[in-house]
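Asker: The structure's right below; bear with me while I get my questions together.
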Amino acid sequence: MRPAVRPVGRLLGQVWVWPAVVMTVVGGYRLGTPDLWRDEIATWTVATRSLGDLLRLLQHIDASNGVYYLLMHAWTTVFGDSTVALRIPSVLAMAGAAAFVALTAQRLFGSRVAAVGAGLLLAVPPEISRYAQEARSYALVTCAIAAASYFLLRALERPTWRRWAPYCVAMALAGAGHLVSFSTVAGQAALLGLHLWRTRPEADRRLLWRFPVAVAVSALPVLPVVLLGSRQSDRQLGWIPTPSLRGLGYFGERLFGSGPVFYAFALLALLALALPGRRLQAWQLLLLAELPVVGVWLVSRLGDTSYFLGRYLLFTVPAWAVLAGGGAGALYGAVKALARPDRAPRRSVAVAGLLTVALLALPAVEALPKQPAVRYTGSHNGSEEPFRAAALEISADYRSGDGMAAPLGDQSWAMAWPGVSYYLPPDVRPYPVFVARSADDAEDLSPEPCPQPADCLGEVSRIWLLVLGDTTDPLGEMPTDQAQVLRTRYGAPDRVTPLGGLTLALLDRDT
């Protein structure tokens, strides 16, 4: 082999490389489609503000995503705010998660098959491919927790501060990216307990105090986020219902985005739990995957605020992938046993296990080419948000001096105003009707509505009116005081265009 080729060959031989490459391909496929949805629009409208405006906004809303917004602010400053540019960090983060999954599986199961299999399996769940393509913090948090799990295992083997340091950094990044991810400490504590039980009497008792200290150090940078986020939780999380026991039982299907894929992972996990010599490692992973979910469910049941949402716990999927990778390694061992004469009495059992796994894993294999199609792009209730379609309609017939009215106040969660603004060309800037202060001045995600609509109407002859839902009577879907002002000044709309999730109307007082 030529000297220049050897480093490349060694790199390609690393267990983490191909999982990272595959995840990059899965995440990057058709990255520019579909359009941004409202949560991604929130990322855009915050990340592209000045640093001062961004920091002031975080004092009022979305502090729990503050670190992610700061990172995206730096990213968009360099790479711009196109749809692809906004989503690339999530692709890279999920590729990093796949790499750490492979490294973790190799360390726990000592098998290249388990390591590569685990990393590749992470690309299978539809929710993973979805958030690998979404301009939100969930991919970053998933990567950080996957990294923290790997660094924790290294620290348990040799608990020097040099090995604890990357664990602390990864946990701090995860916690600052999304506070719920710190619930993984429950699973990590169980992992530590089983490690000490497995390594007795050689266990390093220093771990009993070094792990809590490392967690405390990790939590210090997160405290400001906790303080700000606790004051904002009612506004941001009030829509999440209190979870039921049934919701906990079927949570795996929601977490993975597919029942068949989840059950295929669960079957591979059972194989890992039955693997001789590595059973304890498999239990460590199972607790790492499940205890955060149970903990968040309990807090959501007993507390005033619910945090029990699939994407909030996406960071537990890497542990499932490592566990399933262990099952893949066990399956590979069973196939090898078929070819060994000394294992003939066990051959029928291995064949039965192989066929069972193959049949039940078919839905997971079938899901692979469908990932871009199942990517969730709508709102929480499944409706579409045609921001681009509305912007195209406005741009096609825009006149200088036109105004635009969009849902604000109690309906600002729809992000209609910034969503349509994102897709409008630079030379199309309608006058903001019924707006008292811009989003930047109001230090919020959306503009502040005017308390007296007549005072904020402006002297515009035409108004582009956006309302939520598909309707033939857009004025009937508006707040009463705003609708009355528009009826008095403009009469009935000249044009009404339902767009599927939004209705666009044109009001012209000169007609």
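The values are calculated or read from the model by the stated rules, or taken from the named source; none is laboratory data. Computed from a predicted structure; not experimentally measured. Positions of Cβ are backbone-derived with ideal geometry, glycine not excepted, and every protein chain shown enters the neighbour counts. SASA here: full protein model, heavy atoms, side chains in, ligands and nucleic acids out. Shrake-Rupley method; radii C 1.70, N 1.55, O 1.52, S 1.80 Å.
Asker: Counting only residues that are touching a residue at least 40 places away in the same chain (Cβ under 8 Å), of a type outside the set (D, E, K, R) and open to solvent by 60 Å² or more (accessible area, probe 1.4 Å), which one in segment 51-81 is nearest to residue 418 (Cα to Cα)?
Answerer: 60
Asker: Take segment 459-511 and flag every residue that is in contact with a Leu (Cβ under 7 Å, 6 or more places away or on another chain) and in a loop (DSSP other than H, G, I, E, B).
Answerer: Result: 493, 494.
Asker: Restricting to segment 274-294, give me the number of residues that are assigned to a helix (DSSP H, G or I) and open to solvent by 30 Å² or more (accessible area, probe 1.4 Å).
Answerer: 8
Asker: Tell me which of these residue 20 doesn't satisfy, since it passes every other one: (1) closer than 30 Å to residue 268 by Cβ; (2) at pLDDT 95 or above; (3) in a loop (DSSP other than H, G, I, E, B).
Answerer: Here residue 20 clears every test but (3).
Asker: Can you report the number of residues in segment 113-152 which are closer than 24 Å to residue 46 by Cα, more than 8 Å from the chain's Cα centre (by Cα) and either free of Cβ contacts under 8 Å to residues at least 24 places away in the same chain or not in a helix (DSSP H, G or I) (or both)?
Answerer: So the count comes out to 2.
Asker: In segment 135-155, which residues are open to solvent by less than 10 Å² (accessible area, probe 1.4 Å) and more than 25 Å from residue 264 (Cα to Cα)?
Answerer: 135, 137, 144, 148, 152, 155
Asker: Shifting gears a bit: Find all pairs meeting these conditions: Cβ atoms under 6 angstrom apart; at least six residues apart or on different chains; first residue within segment 195-212 and surrounded by 13 or more Cβ atoms within 10 Å (Cβ to Cβ); second residue modelled with pLDDT under 85 and not charged (D, E, K, R).
Answerer: 196/203
Asker: Further question on the same structure: Considering only residues that are among the hydroxyl-bearing types (Ser, Thr, Tyr) and touching a residue at least 24 places away in the same chain (Cβ under 8 Å), which ones fall in segment 438-486?
Answerer: 446, 461, 471, 472
Asker: Still on this structure: Would you confirm whether or not segment 389-403 contains a residue that is surrounded by fewer than 13 Cβ atoms within 10 Å (Cβ to Cβ), out of contact with any Pro (no Cβ under 9 Å at 6 or more places or on another chain), of a type in the set (A, V, I, L, M) and farther than 18 Å from residue 44 by Cβ?
Answerer: Scanning segment 389-403 turns up at least one residue that is surrounded by fewer than 13 Cβ atoms within 10 Å (Cβ to Cβ), out of contact with any Pro (no Cβ under 9 Å at 6 or more places or on another chain), of a type in the set (A, V, I, L, M) and farther than 18 Å from residue 44 by Cβ.
Asker: Could you tell me whether residue 159 is under 25 Å from residue 109 (Cα atoms) and assigned to a loop (DSSP other than H, G, I, E, B)?
Answerer: When the stated conditions are applied, residue 159 passes them.
Asker: Go through the residues of segment 232-248 one by one and say whether even a single one is polar (S, T, N, Q), under 30 Å from residue 67 (Cβ atoms), at pLDDT 90 or above and in a helix (DSSP H, G or I).
Answerer: So far as segment 232-248 goes, no, none of its residues is polar (S, T, N, Q), under 30 Å from residue 67 (Cβ atoms), at pLDDT 90 or above and in a helix (DSSP H, G or I).
Asker: Condition check: in contact with a Leu (Cβ under 8 Å, 6 or more places away or on another chain) and either modelled with pLDDT under 90 or among the β-branched types (Val, Ile, Thr) (or both). Does residue 433 satisfy that?
Answerer: In short, yes.
Asker: Continuing with this model, one more query. Is it the case that some residue within segment 256-264 is more than 30 Å from residue 409 (Cβ to Cβ) and surrounded by fewer than 14 Cβ atoms within 10 Å (Cβ to Cβ)?
Answerer: Yes.
Asker: Looking at (1) outside any helix (DSSP H, G or I); (2) closer than 18 Å to residue 502 by Cα, can you tell me which one residue 428 breaks?
Answerer: Condition (2) is where residue 428 drops out.
Asker: Please go through segment 54-104 and give me each residue that is at pLDDT below 95 and either outside any helix (DSSP H, G or I) or touching a Cys at 6+ places or on another chain (Cβ under 8 Å) (or both), ordered by number.
Answerer: Matches in segment 54-104: 59, 60, 61, 62.
Asker: Considering only segment 404-440, state which residues are buried (at least 16 other Cβ atoms within 10 Å of the Cβ), of a type in the set (Gly, Ala, Ser) and over 21 Å from residue 484 (Cα atoms).
Answerer: Once the filter is applied, which keeps residues that are buried (at least 16 other Cβ atoms within 10 Å of the Cβ), of a type in the set (Gly, Ala, Ser) and over 21 Å from residue 484 (Cα atoms), segment 404-440 yields 414, 416, 419, 421, 439.
Asker: When segment 295-305 is examined, which residues are found to be in a helix (DSSP H, G or I) and either at positive phi or open to solvent by less than 40 Å² (accessible area, probe 1.4 Å) (or both)?
Answerer: 295, 296, 297, 300
Asker: Still on this model: Can you name the residue in segment 488-510 that is without any contact (Cβ under 8 Å) to a residue 40 or more places away in the chain, open to solvent by 30 Å² or more (accessible area, probe 1.4 Å) and of a type outside the set (D, E, K, R) and, of all such residues, is farthest from residue 414 (Cα to Cα)?
Answerer: This residue is 488.
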